[in-house]
Amino acid sequence: MGILIKPLVTEKMTIQGEKLNRYGFIVDREANKVEIKNAVEQMYGVTVKDVNTVNYHGKRKSRYTKAGILTGRANHFKKAFVTLAGEDKIDFYSNI
């Protein structure tokens, strides 16, 4: 579970999963495509055809409070979009 942090379960990724057999994950920022592919194949028992990754830089945030202006930023993270080969499927809701 070190490379895959959590799956992306959004409306957009659900549609892509049904139509394009593509699933999204938040992954470790240091992981490369080969490591992500091996982690998905090992965890879900599927065959991965393609892996696309996107690095997100954390946005600066500020808010006004009684104590003054608080500033900070959101965390950096990396998304991986995994396309599966053939008729393989991943069911994220199986253990609910």
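Computed from Cα atoms, the angle from the helix 33-44 axis to the main principal axis of the chain rounds to 70 degrees. Give me, ordered by chain and number, the residues 5 or more places off Thr53 or on other chains with an amide H under 5 Å from its own placed amide H. Answer set, sorted by chain and number: Phe81. Loop-located trypsin sites (Lys or Arg not before Pro) across segment 40-84 with a Cβ neighbour count of 12 or fewer within 10 Å are Lys59, Lys66, with loop assigned by DSSP.
Kindly provide log₁₀ I(q)/I(0) values, in the same order as q = 0.16, 0.18, 0.19 Å⁻¹, from the Debye equation applied to equal alpha-carbon scatterers of the chain. Reported log10 I(q)/I(0), two decimals: -0.69, -0.81, -0.88.
With a cap of 12 neighbouring Cβ atoms within 10 Å, and only residues DSSP puts in a loop, list the GluC sites (Glu not before Pro) found in segment 10-84. Write out the running numbers ahead of the final one.
Values: sites: Glu11, Glu18, Glu30, Glu35, Glu41; in loops: Glu30.
Those that pass, being in a loop and sparsely packed, are Glu30.
Laboratory data are not the source of any read-out in this text; all were calculated from the coordinates shown. Quick caveat: nothing in here was measured; it's all calculated off a predicted structure. Quick reminder, even Gly has a Cβ in these numbers, built from the backbone with ideal geometry, and neighbours come from all protein chains shown.
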